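As structure tokens, the structure follows; a few thoughts come after it.
The values are calculated or read from the model by the stated rules, or taken from the named source; none is laboratory data. This one's a predicted model, so the numbers in the text were calculated from it and none came from an experiment. Cβ placement follows ideal geometry from the backbone for every residue including glycine, while neighbour counts extend to all protein chains displayed.
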Amino acid sequence: MVEDNTKELWTREGRILITGAGQRVGLHCLRRLLERGERLAMTYHTERPVIGELREQGVICLKADLSQAESVEMLARQIHDEVGPLRALVHNASAWIRDKESDTEYAAVMQDMMQLHMMAPYLLNMRCQNLLLKGRSPLADIIHITDYVVEKGSDNHIAYAASKAGLANMTRSFAKRFSPEIKVNTIAPSLLMFNEGDSEEYRQKTLKKSVMGVEPGPDVVYQALCFIMDNAYMTGREIKLDGGRHIR
């Protein structure tokens with residue numbers, strides 16, 4: 001009988017750092033990992049009451065604007081000084097920005113999307129490699145959260161889709177560079193949660209895009225995170241959470 005050693009992949013030495021975890025999916029995953037007993041750190045963009053609550057629970061909370069290059073460099077230094085060894089680095093921070101209507105706005109949107117979804121993860125991966133090597137037990141993880149739109153494309157969010165596609169491609173490159181000590185994988189979700197202001201018409205139209213036709217909620221991302229971190233033989237790959245949109 002083969003002994004189940006998947007729990008050995010988790011460590012109480014290195015922390016799991018999730019970017020953009022002050023709300024919605026990132027916050028949900030953070031809370032679920034707290035329930036599991038993990039040591040955690042997070043970044044957030046906007047002060048909210050929940051940040052204080054998380055600090056009281058032992059989470060290291062770092063304020064950072066990842067759309068600004070200088071803020072990313074400052075964050076990298078803070079991670080070294082205040083967080084230390086990492087079990088996993090989860091790139092969740094994101095912004096769903098629509099393409100604009102003038103030449104100058106086009107350029108600004110593309111720059112913002114590339115900085116947030118590509119440059120920030122790229123720099124943090126490079127800067128934090130040593131922390132991931134220190135925090136692994138026996139393996140560490142980098143997880144990129146991309147989007148189903150990478151597969152489909154978007155006529156109104158071209159810059160967003162392109163930047164997420166770049167992040168997906170970096171998964172394979174970093175998997176090669178950091179193997180075998182650090183696994184690098186992608187989670188690519190489509191609809192997870194509606195916003196409060198979404199109309200019923202919009203909700204029904206969106207639900208019909210997948211064969212499952214449901215609003216799954218953020219826990220499916222948490223489940224995917226756990227699967228990746230519990231698995232010792234997966235790197236450079238992508239988990240698609242889209243409810244079967246590709247076969248609709």
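What the table shows:
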item	result
Residue pairs meeting the criteria (Cβ under 8 Å; at least 6 apart or on separate chains; first closer than 26 Å to N92 by Cβ, in the range 197-224; second surrounded by 16 or more Cβ atoms within 10 Å (Cβ to Cβ) and acidic (D, E))	S210/D242
Strands (runs of 3 or more DSSP E) contained in the range 139-248 and holding at least 1 residues of a type in the set (D, E) and surrounded by fewer than 19 Cβ atoms within 10 Å (Cβ to Cβ)	238-241
Hey, M74 buried (at least 17 other Cβ atoms within 10 Å of the Cβ) and at negative phi or not	no
Filter pass, S190 being closer than 30 Å to M234 by Cβ and of a type in the set (S, T, Y)	yes
Of residues in the range 101-140 being within 24 Å of A168 (Cβ to Cβ) and charged (D, E, K, R), the one modelled with the highest pLDDT	R127
Test set (1) closer than 30 Å to R136 by Cβ; (2) touching a residue at least 60 places away in the same chain (Cβ under 8 Å); (3) of a type in the set (A, V, I, L, M) - M193 fails condition number	(1)
Any hit, the range 217-235, residues being under 21 Å from the mean Cα position of the chain (by Cα), at positive phi and not charged (D, E, K, R)	yes
